[in-house]
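K.L.:
Take this structure first; my questions come after.
The values are calculated or read from the model by the stated rules, or taken from the named source; none is laboratory data. All values derive from a computational prediction rather than experimental measurement. In this analysis, Cβ positions are derived from the backbone assuming ideal geometry, glycine residues included, and neighbour counts consider all displayed protein chains.
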Amino acid sequence: MSRKRPRSVSPPSTSTIDARRSQTDHQIFRSNAIKDRSSTFIALFSPSAPAPTLQANPDFATATHRVAAWRKPSAQRTLFTAKRPLLDTGYDDDGEQYAGKRLEKVLSETSVEGAVVVARWYGGILLGPVRFTHIENCAREAIEKWKASGTATKPEPDHPAAQKRKIEEDAKRKSTLVSVLEERDHSISALRGLLREKTEEACAIESEEKVPTRKDGNVTPDKAVDYSAMPLQALVRLEKARDASISWILKEIEKVEERLEEQQQQQQQQKKKQKRTRDCG
């Protein structure tokens, strides 16, 4: 977890008042809050507002991090892109390392132009990689709300340039999703193995048996899936399913670790009691 940026409480400044006024000058779409172990995530997306405007949203004033990314047409043109505008892209981690790049990827995969900011209120418990999943899901939800609003402008579907651009973007997104899903499968396999080991350890302690030693060679790896043969929409659904699986496994691991901690405390208390009995005898 990156360091928390301290914030002092002070009366609204002129810049804060200007920021509040700026919020009303743009269409801004807000995701629902995602809460996980005392941390909260909320996203804002706007097709017109710059990232600093979204970061200055008064509701985000107390957030630990305000991660931003943007993807907007550039004023520059080249000989080969006169009919197709270049895009200015970038991101701001705001202390949450690697999170900005994740948001930039979401903008690219959803083929939207605008800015997105995800605020995180850190609750004191480290979440691990799943925090990036929450950040991405919040951003996607805010973008989908904009698309569902009916205000999103769409290129003419029959225009050759639009068709070519969509094919290229879909191919790029599919390639990214294939890599992401392969990485998710590896993570799920490793997390399942960790959950299995911790569960066996907890069961062995309860039954007062020796904890079994598991060799890596005895673990049967999951069969690799050929994601490249699947359509794009199927890959999108699978990514959400894999993220949900990782989140569930992490929560189960947390439960087992709490169980192990309680067992260890009970063992220590029992040893102390036995020692006192021997000393008295």
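K.L.:
Please give the number of the condition Pro231 fails out of (1) within 30 Å of Ser108 (Cβ to Cβ); (2) touching a residue at least 24 places away in the same chain (Cβ under 8 Å).
P.N.:
(2)
K.L.:
Can I ask one more? Does Ala119 satisfy the condition of being within 17 Å of the chain's Cα centre (by Cα), within 30 Å of Ala241 (Cα to Cα), assigned to a loop (DSSP other than H, G, I, E, B) and at pLDDT 90 or above?
P.N.:
no
K.L.:
Here's another thing I want to ask about it. Being modelled with pLDDT of 85 or more and either in contact with a Ser or Thr (Cβ under 9 Å, 6 or more places away or on another chain) or within 20 Å of Lys72 (Cα to Cα) (or both): is that true of Lys145 here?
P.N.:
yes
K.L.:
Right, next: Going by the conditions given, is Glu239 farther than 23 Å from Ser189 by Cβ and modelled with pLDDT of 85 or more?
P.N.:
No; evaluated as a whole, the condition is false for this residue.
K.L.:
Next up: Among (1) modelled with pLDDT under 85; (2) in a helix (DSSP H, G or I); (3) among the hydroxyl-bearing types (Ser, Thr, Tyr), where does Thr153 come up short?
P.N.:
(2)
K.L.:
Report the residue count in region 101-115 for those that are in contact (Cβ under 8 Å) with a residue 40 or more places away in the chain and touching a Ser or Thr at 6+ places or on another chain (Cβ under 8 Å).
P.N.:
So the count comes out to 5.
K.L.:
Criterion first (modelled with pLDDT of 90 or more and not basic (Lys, Arg)) does Thr40 satisfy it?
P.N.:
Yes.
K.L.:
Any idea which of (1) among the small types (Gly, Ala, Ser); (2) exposed (fewer than 14 other Cβ atoms within 10 Å of the Cβ); (3) at pLDDT 90 or above is the one Ala61 doesn't satisfy?
P.N.:
(2)
K.L.:
Oh, and also: Could you give every pair whose Cβ atoms fall below 7 Å, whose first residue belongs to region 237-257 and is in the same structural domain as Thr199 (by TED's automatic domain parsing) and touching a residue at least 12 places away in the same chain (Cβ under 8 Å), and whose second residue is assigned to a helix (DSSP H, G or I) and among the hydroxyl-bearing types (Ser, Thr, Tyr), counting only separations of at least 6 or pairs across chains?
P.N.:
So the pair list comes out as Asp243/Thr133; Ile246/Thr133; Ile246/Ser187; Ser247/Thr133; Val256/Thr199.
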